[in-house]
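K.L.:
Sharing a structure below in structure tokens format, with a few things to ask.
The values are calculated or read from the model by the stated rules, or taken from the named source; none is laboratory data. Here the structure is a predicted model, which is why all the values come from computation and not from measurement. Glycine gets a Cβ as well: all are built from the backbone with ideal geometry, and neighbour counts include every protein chain shown.
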Amino acid sequence: MKFIKTLLALSFGAALCLSAQAITLGQVDDFQDGTLQAWDGGPWMNNIPNGGPNGAGDRYLEVESRGGSGPGSRLATYNTLQWSGNYTAAGVKTVEMHLKNMSSQPIHMRAVIFGPGQATQWTSSTAVILPANSEWTRVSFILSASTMVRVAGSDSFATCMADVTRFMIRHNVNASSGGDPFVGFMGVDNVTAVAGPTVFPNALLMLTGVVQSGNIDSLRFQDSDRLIMREAPPVALGAPSIDVRIDGTSPVSTIATMRLRVVTSTSGAPASAVTQVIQMFNYSTNVFETVDTRQGTAADNVIIIDPTGDPNRFIESGTRRVRIRVRWFDPGTLFSFGWVGRINQVNWELGL
Ligand SMILES: [Ca+2]
Ligand SMILES: [Ca+2]
């Protein structure tokens, strides 16, 4: 009996160990532990202590390649530990990360998944191109049969996704099984396993009110950079004093889920007297749907909206545009002129 218990404990321990190493939805490699976090790909890989997307103290993975042939000739990095496993069971359909090109030539980055026995490779049909000496850029690699192409072996996409033995990103101008020799550097950080790509805002229009500071780029991340909009007289009784329309473009036309994230605040005093309304444009009915109504807050308020029903109504067919409106209403008695509404972040997290 004791023997059986020991065996059970051993096999349970082994299972725990395996699960700790396999792919998990939401996992993030941020390199803050000072290691390479089991990423490999040649002799010139380093954990750099400063200069990640968040600047000083933000560590990142630096990958260098020197051209020619053999290890380190291609600009690529791969992981066979926590980025291996059953992506289908884990619900991982996209890998997002920050990339920075520190080379004098553009880089064409593709994701690669290796299937059972590393015999088959599927790679991104379309490369993410980063210009020479780029800034840090948040990129999404969608893992699907329609966005990837098989470049080695014979296993199906589904077979590979259920048994990924190696996850790789590499510079590859035309989709191939080997990548291209390249002389240069890239930075990698915040590698994240998600259910679908994140859409960032790419256009905004003031319907009422005036931009005081910030711009569309202020909306990408929750940080100290905000779009700040000054109130204006409402166009009619009961109309908003600040009304801003924000658009993004989905990389896919069909989704399973959409989560809208908006981070707002206001200088109206008291903030709680300001009514804030968030609307999403429904392209089936061609009207804005109100999805959130609440009191304003003086400090950043993170608002997560998971709309019920079919989220595809929020994506315009053809253009794949997504559109929201954020509106602040003045009750009419409490405020001096010149109060502002602020938006720190807007994004749409899609699930495929
Ligand atoms: Ca980092
Ligand atoms: Ca921001």
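K.L.:
Quickly run through region 235-280 and pick out the residues that are surrounded by 15 or more Cβ atoms within 10 Å (Cβ to Cβ), more than 22 Å from the chain's Cα centre (by Cα) and among the small types (Gly, Ala, Ser).
P.N.:
Ser241, Ser265, Ser267, Gly268, Ala271, Ala273
K.L.:
Using beta carbons and a limit of 6 Å, which pairs, at least six apart or on different chains, have the first residue in region 32-52 and at positive phi and the second one part of a strand (DSSP E or B) and more than 10 Å from ligand 1 (Cβ to nearest atom)?
P.N.:
As it stands, the answer is Ala38/Asn79; Gly41/Ala76; Gly41/Thr77; Gly41/Tyr78, since those pairs meet every condition given.
K.L.:
Within region 75-82, identify whether any single residue is in a strand (DSSP E or B) and more than 19 Å from Ile23 (Cα to Cα), and answer yes or no.
P.N.:
Looking for residues that are in a strand (DSSP E or B) and more than 19 Å from Ile23 (Cα to Cα), one finds at least one in region 75-82, hence yes.
K.L.:
What number goes with the only condition from (1) under 29 Å from Asp163 (Cα atoms); (2) within 16 Å of ligand 1 (Cβ to nearest atom); (3) touching a Pro at 6+ places or on another chain (Cβ under 9 Å) that Trp39 does not pass?
P.N.:
(3)
K.L.:
Residues in region 164-171: is at least one touching a helix residue (DSSP H, G or I) at 6+ places or on another chain (Cβ under 7 Å), hydroxyl-bearing (Ser, Thr, Tyr) and either on the phi > 0 side of the Ramachandran plot or crowded, with 20+ Cβ neighbours inside 10 Å (or both)?
P.N.:
So far as region 164-171 goes, no, none of its residues is touching a helix residue (DSSP H, G or I) at 6+ places or on another chain (Cβ under 7 Å), hydroxyl-bearing (Ser, Thr, Tyr) and either on the phi > 0 side of the Ramachandran plot or crowded, with 20+ Cβ neighbours inside 10 Å (or both).
K.L.:
Among the strands (runs of 3 or more DSSP E) confined wholly to region 125-201, which include 2 or more residues that are within 16 Å of ligand 1 (Cβ to nearest atom)?
P.N.:
In region 125-201, the matching strands (runs of 3 or more DSSP E) lie at 137-142, 183-194.
K.L.:
State all residues of region 145-160 that are surrounded by fewer than 16 Cβ atoms within 10 Å (Cβ to Cβ) and either touching a residue at least 40 places away in the same chain (Cβ under 8 Å) or within 19 Å of Met186 (Cα to Cα) (or both); if no residue qualifies, say none.
P.N.:
Listed by number, the residues that qualify are Ala158, Thr159.
K.L.:
Could you tell me which residue of region 196-248 is farthest from Thr275 (Cα to Cα), considering only residues that are more than 16 Å from ligand 2 (Cβ to nearest atom) and of a type in the set (S, T, N, Q)?
P.N.:
The qualifying residue farthest from Thr275 (Cα to Cα) is Thr208.
K.L.:
Within region 193-206, can one find any residue that is touching a strand residue (DSSP E or B) at 6+ places or on another chain (Cβ under 8 Å), under 19 Å from Ala76 (Cα atoms) and not charged (D, E, K, R)?
P.N.:
For region 193-206, residues touching a strand residue (DSSP E or B) at 6+ places or on another chain (Cβ under 8 Å), under 19 Å from Ala76 (Cα atoms) and not charged (D, E, K, R): present.
K.L.:
Counting just the residues of region 202-224 that are part of a strand (DSSP E or B) and polar (S, T, N, Q), which one comes out surrounded by the most Cβ atoms within 10 Å (Cβ to Cβ)?
P.N.:
Per the stated criteria, the residue is Thr208.
K.L.:
Has region 92-109 got any residue that is under 19 Å from Arg166 (Cα atoms), at pLDDT 95 or above, hydroxyl-bearing (Ser, Thr, Tyr) and in the same structural domain as Val149 (by TED's automatic domain parsing)?
P.N.:
So far as region 92-109 goes, yes, one or more of its residues are under 19 Å from Arg166 (Cα atoms), at pLDDT 95 or above, hydroxyl-bearing (Ser, Thr, Tyr) and in the same structural domain as Val149 (by TED's automatic domain parsing).
K.L.:
Which pairs do you get when a residue that is buried (at least 19 other Cβ atoms within 10 Å of the Cβ), found in region 63-81, comes within reach of a residue that is in a loop (DSSP other than H, G, I, E, B) and of a type in the set (D, E, K, R), reach meaning Cβ atoms under 7 angstrom, with the pair 6+ apart or on two chains?
P.N.:
Arg74/Asp180
K.L.:
List the pairs whose first member sits in region 209-228 and is of a type in the set (Phe, Trp, Tyr), whose second member is outside any helix (DSSP H, G or I) and away from ligand 1 (no atom under 16 Å from the Cβ), and whose Cβ atoms are under 8 Å apart, counting only residues at least 6 apart or on separate chains?
P.N.:
Listed pairs, sorted by first residue: Phe221/Gln345.
K.L.:
Continuing with this model, one more query. Filter region 313-352 for residues that are at positive phi and free of Cβ contacts under 8 Å to residues at least 12 places away in the same chain and give the result.
P.N.:
Result: Gly318, Gly332.
K.L.:
Let me ask another. Regarding Glu64, is this residue of a type in the set (Asp, Glu), more than 16 Å from ligand 2 (Cβ to nearest atom) and within 20 Å of the chain's Cα centre (by Cα)?
P.N.:
Considered against the rule, which asks whether it is of a type in the set (Asp, Glu), more than 16 Å from ligand 2 (Cβ to nearest atom) and within 20 Å of the chain's Cα centre (by Cα), Glu64 comes out as no.
K.L.:
Across region 268-302, what is the number of residues that are part of a loop (DSSP other than H, G, I, E, B) and acidic (Asp, Glu)?
P.N.:
Qualifying residue count, region 268-302: 1.
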